[in-house]
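Just below is one structure, and these are the notes that go with it.
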Amino acid sequence: MLETMICALVTILPDFLFRRFVQGKRIGQEITLFTLWYELRWGLTTCAILALTIITTLFYFHPSTTSVASYFRTVTILPQVGGRVAEIYVVNNQKIVAGQPILRLEDFSQQAQVQAANAQISEVQASLNVAKTDLAEADAGIAGAQASLAQSADDLQRNQILRDEGSSAVRLTEIERLENLVAEREAQVVAARAHREAVEYQINELIPAQMNSALAQLDAAQAELNKTIVEAGVTGTIEQFGLQVGDYVSPLLRPAGIMVPSNSGHSRFEAGFNQMAAQVIKPGMIGELGCMTSPFTVVPVVVTSVQDVIPSGQIRPSDELRDPQKNATPGTVLVYLEPLYDGFAEKIPPGSNCLANVYTDNHSKLHAEGLGIWNKAFLHVVDTIGVVHAAGLRLRLILMPVNTLVLTGH
């Protein structure tokens, strides 16, 4: 409408003034409702062509959309194990920080596993104490066996000397007995030393391995016990939390609630423009948007990135061939927008529905050398009519409460 009124000022109005004051035709006489088309045919035709041209140029070089939203992610509150709720530490709509406990599940079996692991550690520690006693006993056994061996060796040596001197007080059977006794007590010394080595092996290798295994079982049991406490992974707000003590929750069957991260969705908007705008919208372009949650506020934005694919073309492996004719609604070009100035979009909550315009800027092209006069004129027109689109955005934002609360029945 605004474009048509502006076009009428340079087409219909001059045509009417020419008919009225140059040709002398009078309103109600020569210029009537029935002769309006014939008398103002040049102005009306030129106005229609010019209005359509301006509107087409306006919407092509300055795309607009009503499909703008600030999407935010949600985090499902899920326990790592299933169980009944024993304690609840938060309430609905409460703001929590990362690491803060949310609820605790019944942990009878987990506590029993921890106690069993602690008992096994105590048992291994007791085995270590017993092994140390066995080591002292083995040392005493070695000392006793060595003393007996030394005594037997001395007796054998004394009898062998007497035999060599030809004494009749020594019998050969006694020497043989002492030789056997020395061999036996040497074997006892070897056995005592082997026993000591076995005890040392238990103290240095076997018992530490058993202790490590017991500690690992304790860590595993403690980890299972820690799984019964559900903590917040990120800072955010608890939503849709209606859990009660005694309810059963499961990582597969029933979540505990939803948490909205505090840094998700703020100051970032996703806009869907028609596919024809893909040739115009580029990163770095300036735009404006207004949201239903703040209808009288215009937020300057900048295009940060443009998705290089159109969502309607995505496919998934199936047993059916894709028919392009079934794409009844063409997909849109997804454009990411961020506020041009910090803090301008803080009052707009994530999830708001918004309107947005993006404006083509030919300032750098106009200063290029070798640009023809007609190209300069066209680029000036493109930049100038962006003001009309900006005014239209503000008009729609002003009328948004009326359209929403009155004309659409709330």
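The values are calculated or read from the model by the stated rules, or taken from the named source; none is laboratory data. From a predicted model like this one, the values you see are computed outputs, not experimental measurements. We place every Cβ from the backbone using ideal geometry, glycine too, and count neighbours over all the protein chains shown. Ligands, DNA and RNA are stripped out before the accessible areas are found, and what is left, the full protein with its side chains, is counted by its heavy atoms. Shrake-Rupley method; radii C 1.70, N 1.55, O 1.52, S 1.80 Å.
Checked against the criterion of being assigned by the TED database to the domain that holds ALA390 and at pLDDT 85 or above, the candidates VAL97, VAL85, VAL68 yield just one match: VAL68.
In the set ALA209, ALA198, ALA147, only one residue is within 60 Å of the chain's Cα centre (by Cα), of a type in the set (Gly, Ala, Ser) and either modelled with pLDDT under 85 or not assigned by the TED database to the domain that holds LEU128 (or both); that residue is ALA198.
Here's the yes/no breakdown for (1) open to solvent by 50 Å² or more (accessible area, probe 1.4 Å); (2) in contact (Cβ under 8 Å) with a residue 40 or more places away in the chain:
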site: GLY246; (1), (2): no, yes
site: ARG254; (1), (2): yes, no
site: ASN263; (1), (2): yes, no
site: GLN275; (1), (2): yes, yes
site: VAL280; (1), (2): no, yes
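Within the stretch 354-369, identify whether any single residue is assigned to a loop (DSSP other than H, G, I, E, B), modelled with pLDDT under 85, aliphatic (A, V, I, L, M) and open to solvent by less than 60 Å² (accessible area, probe 1.4 Å), and answer yes or no. Yes, that holds for at least one residue.
Residues that are within 30 Å of LEU355 (Cβ to Cβ) and either in contact with a Ser or Thr (Cβ under 8 Å, 6 or more places away or on another chain) or open to solvent by 70 Å² or more (accessible area, probe 1.4 Å) (or both) within the stretch 64-92 comprise THR65, THR66, SER67, ALA69, SER70, TYR71, PHE72, ARG73, THR74, listed in sequence order. Looking only at residues in the stretch 293-322 that are open to solvent by 60 Å² or more (accessible area, probe 1.4 Å) and more than 28 Å from the chain's Cα centre (by Cα), the one that is modelled with the highest pLDDT is PHE296.
Checked against the criterion of being closer than 30 Å to ARG73 by Cα, within 38 Å of the chain's Cα centre (by Cα), small (Gly, Ala, Ser) and at pLDDT below 85, the candidates GLY343, GLY351 yield just one match: GLY343.
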